[in-house]
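To start, the structure under review is shown below, and the notes come after it.
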Amino acid sequence: MDTPLTGRIASGPHRLLHDEVLAPQFAFEVEHLLPWYVAIEKVLAVEYRRMGILTPDQARRIGVALQGVTANTLTADPERNMSDIAFAIERQVDSHLASPVPAWHVDRSRNDLQACAQVMFARHQLALTARSLLVFGQAVHRVAAKHTETVMPGYTHGQAAQIITAGYYLAALSEEVVAASRRLLATYDEINRCPLGAGAMAGQELDWDREGAAELLGFEAPQPHALVSVASRGWALRITGELAQFGAVLSRFTTDLISWGGSEYGFIDLPDAYAGISSAMPQKKNFPLLERIRGRTGHLAAFHVDALTGQRNTAYSNSVEVSKEAGAHILPAFLTARSALALATAVMEQLRFRTDRMSTACARDYYGGFTLANRLTLDEGVPWRTAQVVAGAYILAALEQGAAPQDLRPDLLQRVAKEHGHELGAPEQALAQAFDVPASIRQKRSSGSTRPTEVRELLAAQADFWQDTATAWDTRQGRVQDSMTETDRRLGIA
């Protein structure tokens, strides 16, 4: 017969509590956190052996029993294990030991055990999500590299602004992915502090080697303060905050693609397999996939707010409200982020720019107004603010005459300039420079500009980043796996 788990209360959880709270939580933890609970229990067995609390044989037998703990062997039982995963693991291991090990679980708390399992789960999910982000970034990068000279309109305030290239635009998205990837790697390193050894809240009474335990669990170091170890879920806010921030960025770029895929622009297309139809309007080819991506980025913001509001106005200590309820949507945040990234990666891999329509749009509007003002100042000596006025007045007059940008009207420019007190020496040359679409992207010379050589230089730096970051994640994930292998070796069960 099992030893009672408590002498404080006389019964197990009520059926309502079991059905509504404990059983669903148990099922979630068995599915997603069990490997980490088992890994922690193995490290604790190693520590008991090191301190002489357990014999080498007792530690090995516990390790062997832990190897047999699987999702299929654990059941939420209100009477036997109070529908708690830690108690369920303890009961199963006890039942598979040939003889009792009285000192197993001495000087222990579920608080730091649970906190440790949660952060191990979170860093694993973070690594998976960061990999998805890298795959997406590399897809964007490949498309950008193909279109460094593909001209397209750029817009500010929803209005025609300047001529850019598709490669330049996508290099901006790629740069945002670089920044987000750096932040996720920094987040991993920041949260990679081991809570184990904090006990319930004030530390433990035996001489636990917290540094050694942290190393065996793949952590960089122990969390230095016991209370922070069990009370804080700042890592959840950091992760959901980063996912929400990148979600906002992805949403903005997706908004552009939605606009560019519409009939008014017609700049992009996707294969029929990624498109949708209207049940009533046979002429339409819709792109609901883009709407799905943008919609899912909204969930990421909601998940962050959920984690944040779940922690505010709670006491700074271990609590179910913070550790369970406030973290209820951490996994959905990861899964939603990876889903949005998978869909966005597919879009990038299948995206086709309709270069003819983009080029035509560049020739249709007076995108060269900024260049015209520059030439009037630099070549004709017109003061800058006056040059702006002259350029704007010329464009307005040309529009009133129905002239396209390439229909150069040097006499008109000369007349407008004279009206503002300036005689021009070569008005036709100024107009030719201003409204030459292919030349416009090469007239930008500053670093980071749309000039094709600048874009290619930026993309080359990004390519190095992708490789370095992939290696960094390999190192971190490999460290966790190697640590778990070393734990089994020390227990004699490798």
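The values are calculated or read from the model by the stated rules, or taken from the named source; none is laboratory data. In this text, all values refer to a predicted model and were calculated from it rather than measured experimentally. As a convention, Cβ positions derive from the backbone with ideal geometry for all residues, glycine included, and neighbour counts pool all protein chains shown. Areas reflect the complete protein model, heavy atoms only, side chains present, ligands, DNA and RNA absent. Shrake-Rupley method; radii C 1.70, N 1.55, O 1.52, S 1.80 Å.
Those residues that are under 25 Å from A160 (Cβ atoms) and either in contact with a Leu (Cβ under 7 Å, 6 or more places away or on another chain) or part of a loop (DSSP other than H, G, I, E, B) (or both), I need them from the range 286-310; list them, please.
Once the filter is applied, which keeps residues that are under 25 Å from A160 (Cβ atoms) and either in contact with a Leu (Cβ under 7 Å, 6 or more places away or on another chain) or part of a loop (DSSP other than H, G, I, E, B) (or both), the range 286-310 yields F287, L290.
Can you name the number of the only condition in (1) under 21 Å from Q125 (Cβ atoms); (2) touching a Phe, Trp or Tyr at 6+ places or on another chain (Cβ under 8 Å) that R238 fails?
Condition (2) is where R238 drops out.
What's the number of the condition W104 fails, among (1) part of a loop (DSSP other than H, G, I, E, B); (2) surrounded by fewer than 18 Cβ atoms within 10 Å (Cβ to Cβ)?
Status for W104: all satisfied but (2).
Looking at (1) of a type in the set (A, V, I, L, M); (2) within 21 Å of L308 (Cβ to Cβ); (3) buried (at least 19 other Cβ atoms within 10 Å of the Cβ), find the lone condition where L173 falls short.
Condition (2) is where L173 drops out.
Testing Q58 on (1) under 34 Å from the mean Cα position of the chain (by Cα); (2) under 23 Å from D207 (Cβ atoms); (3) without any contact (Cβ under 8 Å) to a residue 60 or more places away in the chain, one condition comes back false. Which one is that?
Of (1) under 34 Å from the mean Cα position of the chain (by Cα); (2) under 23 Å from D207 (Cβ atoms); (3) without any contact (Cβ under 8 Å) to a residue 60 or more places away in the chain, only one is false for Q58: (1).
Yes/no matrix, rows are residues, columns are (1) free of Cβ contacts under 8 Å to residues at least 24 places away in the same chain; (2) assigned to a strand (DSSP E or B):
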position	(1), (2)
F121	no, no
V135	no, no
A145	no, no
P153	no, yes
A161	no, yes
A180	no, no
E190	no, no
G203	yes, no
F219	no, no
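Can you confirm whether the range 281-289 contains a residue that is at pLDDT 95 or above and either within 30 Å of E349 (Cα to Cα) or open to solvent by 30 Å² or more (accessible area, probe 1.4 Å) (or both)?
The answer is no, given that none of the residues of the range 281-289 is at pLDDT 95 or above and either within 30 Å of E349 (Cα to Cα) or open to solvent by 30 Å² or more (accessible area, probe 1.4 Å) (or both).
When both residues are 6+ apart or on different chains and their Cβ atoms are under 8 Å apart, which pairs have a first residue that lies in the range 466-494 and is closer than 18 Å to V38 by Cβ, and a second that is among the hydroxyl-bearing types (S, T, Y)?
That search, which allows pairs on different chains as well, returns A494/T485.
Quickly run through the range 36-65 and pick out the residues that are under 13 Å from A494 (Cα atoms) and among the basic types (K, R).
Listed by number, the residues that qualify are K42, R60, R61.
Identify the residue in the range 259-280 that is exposed (fewer than 15 other Cβ atoms within 10 Å of the Cβ) and not in a loop (DSSP other than H, G, I, E, B) and, among all such residues, is modelled with the highest pLDDT.
Checked the range 259-280; the qualifying residue modelled with the highest pLDDT is A273.
Please identify the pairs in which a residue from the range 311-323 that is open to solvent by less than 70 Å² (accessible area, probe 1.4 Å) has its Cβ atom under 6 Å from the Cβ atom of a residue that is of a type in the set (D, E), counting only partners at least 6 apart or on another chain.
Final answer for the pair search is T314/E321.
Given (1) surrounded by fewer than 20 Cβ atoms within 10 Å (Cβ to Cβ); (2) more than 30 Å from G218 (Cα to Cα), identify the lone condition not met by H124.
(2)
Considering the range 217-257 alone, what residues qualify as being more than 28 Å from M484 (Cβ to Cβ), touching a Lys or Arg at 6+ places or on another chain (Cβ under 7 Å) and open to solvent by 30 Å² or more (accessible area, probe 1.4 Å)?
Of everything in the range 217-257, just one residue is more than 28 Å from M484 (Cβ to Cβ), touching a Lys or Arg at 6+ places or on another chain (Cβ under 7 Å) and open to solvent by 30 Å² or more (accessible area, probe 1.4 Å), namely T255.
Going by the conditions given, is V140 touching a Ser or Thr at 6+ places or on another chain (Cβ under 7 Å), farther than 25 Å from R364 by Cβ and either part of a strand (DSSP E or B) or open to solvent by 60 Å² or more (accessible area, probe 1.4 Å) (or both)?
No; evaluated as a whole, the condition is false for this residue.
So, of the residues in the range 290-310 that are open to solvent by less than 80 Å² (accessible area, probe 1.4 Å) and under 21 Å from W260 (Cβ atoms), which turns out to be nearest to the chain's Cα centre (by Cα)?
Among residues in the range 290-310 that are open to solvent by less than 80 Å² (accessible area, probe 1.4 Å) and under 21 Å from W260 (Cβ atoms), the one nearest to the chain's Cα centre (by Cα) is T297.
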